[in-house]
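*Asks:* This structure is in structure tokens; I'll ask about it shortly.
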Amino acid sequence: TGLPNAPALPNTNANYAADVGNVINVQDNSGGVSITGSLEIDGNLQNLVLGGKWGDTGYQRLAYGVREYTNASFYAENVYTHHNGTDGIICGYAGATDGSSRRQKTLINVTSEYNARQGLSWVGGVGLTAINCKFNNTGRERFTSSPSAGLDIEAESSVCRDGVFINCEFINNVNTAMVADSGDSAGVQFIGCTFAGTIWPKKPGILFSACKVYGQVVNCYGSNEPTSAVRFDDCLISDEDFGGSSVSPAVGQSLFNSTLSSPIYVNRCIIKTTKVRPGRFDKFVMTNCTVDMSFNG
């Protein structure tokens, strides 16, 4: 009939599955893959012809700017990928374990924005480095699909290990700036990064160093072992608005919202609230921190 099928979700009926496809798809390359030279990928999200939703929520079909899976190595520099129906970039390595050798993925000066589902999904592999990258404005065009994050760390039939993000942005995404909640993921560092929106670090060994967080901190992974717990060193964590983003905590929320049975570690940080409560610091191990609270309520 030309009309979209619109069943209740979840819907995984293969007879109603349709894909836009991936602009660039690289998989199983033993020599590695490099993408360089100022590349723009426009997923044309504004003009996609949409059927009914498919998957657990939203449109969970193939519509990636770059899909990179199980390559010996991957390098992307000066890439602008935007307005894709799912993710700007998805990186994975099927079957990786803690004992797997490093298969380095490197992103430098990559901007991934206005995509429907994620700026970057990291779904498997040992070794990912992103430098001066921007994962912004997910879900801010026409439609969105969960998790609607700047960055989603979600190991699928694999592990995610040894991730490093340096001077990267995660700003104004519909849901979270970054989320690490599903799969076997651990050991990720964020150094000098800016987050405008909620961060959700529910996996071991996540470090935020010299970062600026304008938004809620929720669902942190706690541990009596400092190297396993979520840790903040030399960070600013604030409920202030950042630029033109609309993702700061709402009145009635708390800046920190984690129910912890084991501690997280906060060192030399500034925690600043102007419109919401800081939250409860139960199980926090705090060293040389400043809490600046002008909230009146």
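The values are calculated or read from the model by the stated rules, or taken from the named source; none is laboratory data. As the structure is a computational prediction, the values presented were derived from the model and not from experiment. Cβ coordinates were reconstructed from backbone atoms using ideal geometry, including for glycine residues, and neighbour counts include every protein chain displayed. Areas reflect the complete protein model, heavy atoms only, side chains present, ligands, DNA and RNA absent. Shrake-Rupley method; radii C 1.70, N 1.55, O 1.52, S 1.80 Å.
*Asks:* Determine which single condition Glu225 fails, assuming it passes every other condition in (1) under 15 Å from the mean Cα position of the chain (by Cα); (2) without any contact (Cβ under 8 Å) to a residue 24 or more places away in the chain.
*Replies:* (1)
*Asks:* Consider only pairs whose beta carbons are under 8 Å apart and that are at least six residues apart or on different chains; among these, list those whose first residue lies in the range 125-152 and is open to solvent by 30 Å² or more (accessible area, probe 1.4 Å) and whose second residue is in a loop (DSSP other than H, G, I, E, B) and of a type in the set (Gly, Ala, Ser).
*Replies:* Glu141/Ala116; Arg142/Ala116; Thr144/Gly58; Thr144/Ala116; Ser146/Gly58
*Asks:* Check whether at least one residue in the range 104-113 is within 14 Å of Thr86 (Cα to Cα) and in contact (Cβ under 8 Å) with a residue 24 or more places away in the chain, and report yes or no.
*Replies:* Checked the range 104-113: at least one residue is within 14 Å of Thr86 (Cα to Cα) and in contact (Cβ under 8 Å) with a residue 24 or more places away in the chain.
*Asks:* Considering only the range 69-120, how many residues are of a type in the set (Ser, Thr, Tyr), part of a loop (DSSP other than H, G, I, E, B) and surrounded by fewer than 24 Cβ atoms within 10 Å (Cβ to Cβ)?
*Replies:* Here the count works out to 6.
*Asks:* Looking at Gly21, is it under 26 Å from the mean Cα position of the chain (by Cα) and within 20 Å of Asn84 (Cα to Cα)?
*Replies:* Answer is yes for this residue.
*Asks:* Hey, another quick one. Ala8 fails exactly one of the following numbered conditions: (1) loosely packed, with under 12 Cβ neighbours inside 10 Å; (2) in contact with a Phe, Trp or Tyr (Cβ under 8 Å, 6 or more places away or on another chain); (3) on the phi < 0 side of the Ramachandran plot. What is the number of that condition?
*Replies:* Condition not satisfied by Ala8: (2).
*Asks:* Just for the range 155-181: of the residues that are open to solvent by 50 Å² or more (accessible area, probe 1.4 Å) and not aliphatic (A, V, I, L, M), which one is farthest from Asn137 (Cα to Cα)?
*Replies:* The qualifying residue farthest from Asn137 (Cα to Cα) is Ser157.
Matching residues to (1) at pLDDT below 95; (2) open to solvent by less than 20 Å² (accessible area, probe 1.4 Å); (3) not basic (Lys, Arg):
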{"position": "Cys211", "(1), (2), (3)": "no, yes, yes"}
{"position": "Tyr221", "(1), (2), (3)": "no, no, yes"}
{"position": "Pro226", "(1), (2), (3)": "yes, no, yes"}
{"position": "Pro249", "(1), (2), (3)": "yes, yes, yes"}
{"position": "Ser261", "(1), (2), (3)": "yes, no, yes"}
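*Asks:* Next up: Go through Asn84, Asn71 for me and flag whichever is at pLDDT 95 or above and more than 15 Å from Leu120 (Cβ to Cβ).
*Replies:* Asn71
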